[in-house]
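Input: one structure, supplied below.
The values are calculated or read from the model by the stated rules, or taken from the named source; none is laboratory data. Keep in mind that this is a model prediction, so the values were computed, not measured. Methodologically, a virtual Cβ is constructed for each residue, glycine included, from the backbone with ideal geometry; neighbour enumeration extends over all protein chains shown.
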Amino acid sequence: MGLAIIISLIIIVLDQLSKYWILNNLPLYENIPIIKDFFSLFHIRNRGAAWGMLSNQSWGIYLLTVISIAASIFIFYLIYINKIKPVRITLALILGGSIGNLIDRIRFNNVVDFLSFTFGDYHFPTFNIADSAIVVGAICLTLYLIFKPEQLKNIKLFNRTTVSSIVKSEIESEGSLTGIKPRDEAGDELDFIEESETETKDE
């Protein structure tokens, strides 16, 4: 668990530091070539999801913020209940990226993107370190499950022990309210009745 948290924190720090540098050194829509005709730093803002989805909707940023919060909480929960180290690490990458972009949405109502790649005439959608962590984490998790399919059955989506305890307590509670007693107690009473009947016959 500790390693996963450290990985998530590293992703968040690197993401926010890189965005801080862009915000303070590269004006919006300005470009700094790094590798000619291939890679550059290009400062843009994205109010939508990946590849600009929902960016034209005024409510899109609010929906994405709520989804990001819910997703981050759920991913943290998955890291907590799953003990498989590779699964925790890949989920930690996704969690760090999710929180990195969530911070932007809360602070600016948009996400700072700046990593720009061009392949010939095709310009790949600009992204950031948080996006990279999410994609790398998702790909690594998928590959892990492809090469280790037997681990799929060991991945938990909820804590079965906790759920079982809750269900058991509810059943016992309902039984006490309706007069229905647990099986063991009912069995003891039946044994007592049978013994009484046997003694009566013997007499």
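Looking for whichever is at pLDDT 95 or above and small (Gly, Ala, Ser) here; the options are ALA138, ALA186. Which one fits?
ALA138
May I pose another question? Quick check: anything in region 66-74 hydroxyl-bearing (Ser, Thr, Tyr), at pLDDT 95 or above, surrounded by 14 or more Cβ atoms within 10 Å (Cβ to Cβ) and assigned to a helix (DSSP H, G or I)?
Yes; the residues of region 66-74 include at least one that is hydroxyl-bearing (Ser, Thr, Tyr), at pLDDT 95 or above, surrounded by 14 or more Cβ atoms within 10 Å (Cβ to Cβ) and assigned to a helix (DSSP H, G or I).
For region 120-134, what are the residues that are free of Cβ contacts under 8 Å to residues at least 12 places away in the same chain and among the hydrophobic types (A, V, I, L, M, F, W, C)?
Matches in region 120-134: PHE124 only.
Next question, about the same structure. Can you tell me which residue among TYR122, TYR144 is touching a Pro at 6+ places or on another chain (Cβ under 7 Å) and not small (Gly, Ala, Ser)? Reasoning before the result, please.
On the way: TYR122 fails: touching a Pro at 6+ places or on another chain (Cβ under 7 Å).
The unique qualifying residue is TYR144.
Suppose we keep only residues that are in a helix (DSSP H, G or I) and either modelled with pLDDT of 95 or more or β-branched (Val, Ile, Thr) (or both) within region 108-130. Which one would you say is farthest from ALA70 (Cα to Cα)? Explain how you work it out, then say what you get.
Filtering region 108-130 for residues in a helix (DSSP H, G or I) gives 108, 129-130.
Then drop every residue that is not either modelled with pLDDT of 95 or more or β-branched (Val, Ile, Thr) (or both), which leaves 129-130.
Details: ILE129: 21, ALA130: 17 Å.
Once the filter is applied, the top-ranked residue is ILE129.
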